[in-house]
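One structure is given here, and the rest of the page talks about it.
The values are calculated or read from the model by the stated rules, or taken from the named source; none is laboratory data. In this text, all values refer to a predicted model and were calculated from it rather than measured experimentally. Positions of Cβ are generated from backbone atoms using ideal geometry, with glycine treated the same way; all protein chains shown enter the neighbour counts.
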Amino acid sequence: MITKRKKSLVPLLMAIVTSAFLMACSSNAKLPHLASDAVLLAFGDSLTFGTGAALTESYPAILERLVGRRVVNSGVAGEVTGEGLSRLPGVLEKEKPALLILCHGGNDLLRRLNQQQTASNLRAMIRLARERGIAVIIIAVPSPGLSLSPPQFYREIATEMKIPF
């Protein structure tokens, strides 16, 4: 059962994801043209999974309707980046996406895990995708608190690896 509190988070999460895509579209990093049959892989934690939202309200489901391409929702609630790094190769092999939309790290931040390790795990995930010829977008998640500002390491990774942020 979805509580009122969880339902109220859906618009906030959609605003964050929409903002991230708009920022990615305006960044200097470019994505290749995606074929009409390209598969997009939304990979991450509960933000990707859509915890608190109906299946049709998760950002991957909405994105699929908007772009007219298959978007695989590979979000796992509660997952940290170390677990995601272990899981990613199998998902890439199974789904064979043209684009990886990486939205991970929120649980690392909530659990106050080492941010250098979180950044290292994200870099490794990006390398895994690139080694397979998969384009990557990274979506930063906000640090816990009132500001909704993401940690600087997301921007640093995007700049260093020349991917949309």
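So the values come out like this:
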quantity	calculated
Given (1) within 20 Å of GLU83 (Cα to Cα); (2) buried (at least 20 other Cβ atoms within 10 Å of the Cβ), index of the condition PRO164 fails	(1)
Helices (runs of 4 or more DSSP H) contained entirely in region 90-165, each with at least 1 residues that are hydroxyl-bearing (Ser, Thr, Tyr), modelled with pLDDT of 95 or more and more than 15 Å from the chain's Cα centre (by Cα)	115-131, 152-161
Single residue of region 116-136 satisfying the filter (free of Cβ contacts under 8 Å to residues at least 60 places away in the same chain and in contact with a Gly (Cβ under 9 Å, 6 or more places away or on another chain)) that is surrounded by the fewest Cβ atoms within 10 Å (Cβ to Cβ)	GLN117
Given (1) modelled with pLDDT of 90 or more; (2) closer than 18 Å to ILE126 by Cα; (3) surrounded by fewer than 18 Cβ atoms within 10 Å (Cβ to Cβ); (4) small (Gly, Ala, Ser), index of the condition SER74 fails	(3)
One residue from LEU66, LEU148, LEU113, LEU99 being of a type in the set (A, V, I, L, M), surrounded by fewer than 17 Cβ atoms within 10 Å (Cβ to Cβ) and in contact (Cβ under 8 Å) with a residue 60 or more places away in the chain	LEU148
Candidate set from region 31-63 (those that are farther than 24 Å from ALA158 by Cα and among the acidic types (Asp, Glu)); member that is surrounded by the most Cβ atoms within 10 Å (Cβ to Cβ)	GLU57
